[in-house]
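Visitor: Below is a structure I'd like to ask you about.
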Amino acid sequence: QVQLVQSGAEVQKPGASVKVSCKASGYTFTAYYIHWVRQAPGQGLEWMGRINPNTGGTDFAQKFQGRVTMARDTSVSAVNMELSRLRSDDTAVYYCARQGVDCSGVTCYPDYWGQGTLVTVSS
Amino acid sequence: DIQMTQSPSTLSASVGDRVTITCRVSQSISSWLAWYQQKPGKAPKLLIYKVSILQSGVPSRFSGSGSGTEFTLTISSLQPDDFATYYCQQLNSDSWTFGQGTKVEIK
């Protein structure tokens with residue numbers, strides 16, 4: 001069965017960096033983008049960017065350009081998202097989700113999500 | 001950037017009520033629209049994709065409609081398990097945008 005399993009909760013200080021991982025199983029890893037979406041406490045969903053696990057190519061929301069990187073490790077079917085220069089307003093739950101690259105039907109939509117990783121930024 | 005305006009932000013309803021949530025988009029997105037349900041502490045769950053196609057396993061009381069820049073999620077008869085927050089999402093461009101969310105509360 002398809003699963004996206006994320007790494008555990010993190011507490012970081014302002015100015016530091018955090019790396020969150022998303023390990024995929026149950027499908028062809030290189031056939032699906034991995035997107036990252038975050039949700040601040042009590043707030044809505046915010047798209048951060050995506051990576052093509054086949055090529056390593058990335059696209060980021062303008063808001064996060066220069067502060068976020070995404071990398072894949074095809075040997076273990078995982079994607080890492082790193083956010084740097086953390087601020088208190090980066091405190092959020094971070095989710096990964098998949099979307100088909102050459103997709104049709106439901107595979108063009110994020111049908112599977114990770115369980116979420118809480119990142120707390122506090123001094 | 002494509003903007004999404006979802007309304008209402010909160011909705012109070014009773015079990016058995018018909019509920020409608022609207023999502024307006026700043027430009028045409030063809031059929032690249034999805035709806036999600038989210039419960040506290042959980043990841044969003046895909047309910048409807050391509051405007052009106054029900055995801056596998058989603059009850060038929062959920063339906064989606066619309067075109068171009070205005071879209072609607074309808075729950076025909078609200079059930080206790082449906083009290084949650086709902087989001088619309090556009091996927092027309094390489095970047096995603098979500099609506100602000102609609103919290104469906106018990107009246």
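The values are calculated or read from the model by the stated rules, or taken from the named source; none is laboratory data. All values reported here derive from a predicted model rather than from experimental measurement. Cβ sites come from the backbone with ideal geometry, for glycine too, and all protein chains shown count toward neighbours. We work out accessible area using only protein heavy atoms, side chains counted, and drop any ligands, DNA or RNA first. Shrake-Rupley method; radii C 1.70, N 1.55, O 1.52, S 1.80 Å.
Visitor: Any idea of the total accessible area buried by the A-B contact, 1.4 Å probe, rounded to 100 Å²?
Guide: Accessible area lost upon association: around 1700 Å².
Visitor: Which of the trypsin sites (Lys or Arg not before Pro) found in the stretch B:1-67 are loop residues per DSSP with 11 or fewer other Cβ atoms within 10 Å of their Cβ? Working shown, then result.
Guide: Numbers: sites: B:R18, B:R24, B:K42, B:K45, B:K50, B:R61; in loops: B:R18, B:K42, B:K50, B:R61.
When the trypsin sites (Lys or Arg not before Pro) of the stretch B:1-67 are filtered for loop state and at most 11 Cβ neighbours within 10 Å, B:R18 remain.
Visitor: Then there is this: Which residues belonging to the stretch B:1-34 lose at least 20 Å² of 1.4 Å-probe accessible area when the assembly is complete, relative to their chain isolated?
Guide: The answer is B:W32.
Visitor: On the accessible surface of chain B, probed at 1.4 Å, how many percent belong to carbon and sulfur atoms?
Guide: On the way: 2160 of 4940 Å².
Heavy-atom surface of chain B belonging to carbon and sulfur, 1.4 Å probe: 44 percent.
Visitor: Whole-Hz Karplus ³J(HN,Hα) for the stretch B:91-96, in order, using 6.51 cos²θ - 1.76 cosθ + 1.60 and θ = phi - 60°, x for Gly and Pro?
Guide: In residue order, the calculated couplings are 10, 5, 9, 5, 10, 9 Hz.
Visitor: Here's another thing I want to ask about it. Could you give me the ³J(HN,Hα) list for the stretch B:34-42, computed from phi with Karplus coefficients 6.51, -1.76, 1.60 and θ = phi - 60°, whole Hz, x at Gly and Pro?
Guide: In residue order, the calculated couplings are 10, 10, 10, 10, 10, 10, x, x, 10 Hz.
Visitor: Contour minus end-to-end for B:S26 and B:I53, with contour as 0.36 nm per residue of separation and end-to-end as the Cα-Cα distance?
Guide: 7.5 nm
Visitor: Which percent of the accessible area of chain A is formed by carbon and sulfur heavy atoms (probe 1.4 angstrom)?
Guide: 46 percent
Visitor: Ok, one more. For the stretch B:1-64 and the stretch A:53-114, what is the separation of their Cα centres, given in Å?
Guide: 23 Å
Visitor: A drop of at least 50 square angstrom in accessible area, chain alone versus all protein chains together, probe 1.4 Å. Which residues of the stretch B:45-65 meet that?
Guide: B:Y49
Visitor: I need the trypsin sites (Lys or Arg not before Pro) found in the stretch A:57-123, filtered to DSSP loop residues with at most 15 other beta carbons within 10 Å of theirs. Write out the running numbers ahead of the final one.
Guide: Numbers: sites: A:K63, A:R67, A:R72, A:R85, A:R87, A:R98; in loops: A:R67, A:R85, A:R87.
Counting only loop positions with at most 15 other Cβ atoms within 10 Å, the trypsin sites (Lys or Arg not before Pro) in the stretch A:57-123 are A:R85, A:R87.
Visitor: Right, next: Tell me which residues come under 5 Å, amide H to amide H, from B:Q55 once H is placed; ignore anything under 5 positions away on its chain.
Guide: HN-HN under 5 Å from B:Q55: B:I48, B:Y49.
Visitor: Can you list the residues in the stretch A:90-123 whose accessible area drops by at least 30 Å² when all protein chains are present, compared with the chain alone? Use a 1.4 Å probe, heavy atoms only.
Guide: Checking the loss per residue gives A:Y95, A:V106, A:Y109, A:P110, A:W113.
Visitor: Let me ask another. With a probe of 1.4 Å, find how much accessible area the stretch B:41-107 has per residue, and write the answer as a whole number in Å².
Guide: Working: 2940 Å² over 67 residues.
For the stretch B:41-107, the solvent-accessible area averages 44 Å² per residue.
Visitor: Mean separation of Cα pairs under 8 Å and 6+ residues apart, divided by the residue count of chain A: what relative contact order is that in percent? List each step's numbers first, then the result.
Guide: Working: 302 pairs, mean separation 43.9, N = 123.
Relative contact order for chain A comes out at 36 percent.
Visitor: Quick one: dipole size for the stretch B:27-107, taken about the Cα centre, charges +1 on Lys/Arg Cβ and -1 on Asp/Glu Cβ, in debye to the nearest 20. Let's see the in-between values first.
Guide: Working: 7 positive and 5 negative charges, 41 e Å.
Around 200 debye, computed over the stretch B:27-107.
Visitor: Determine which lysines satisfy two conditions relative to A:K19: a Cα distance under 23 Å, and not lying fewer than 8 residues away in the same chain.
Guide: A:K19 reaches A:K63, B:K42.
Visitor: Leaving out ligands and nucleic acids, note down the accessible area per residue over chain A with a 1.4 angstrom probe, in whole Å².
Guide: 45 Å²
Visitor: Any idea what the relative contact order of chain B is, in percent, if you count C-alpha pairs under 8 Å spaced at least 6 apart?
Guide: 38 percent
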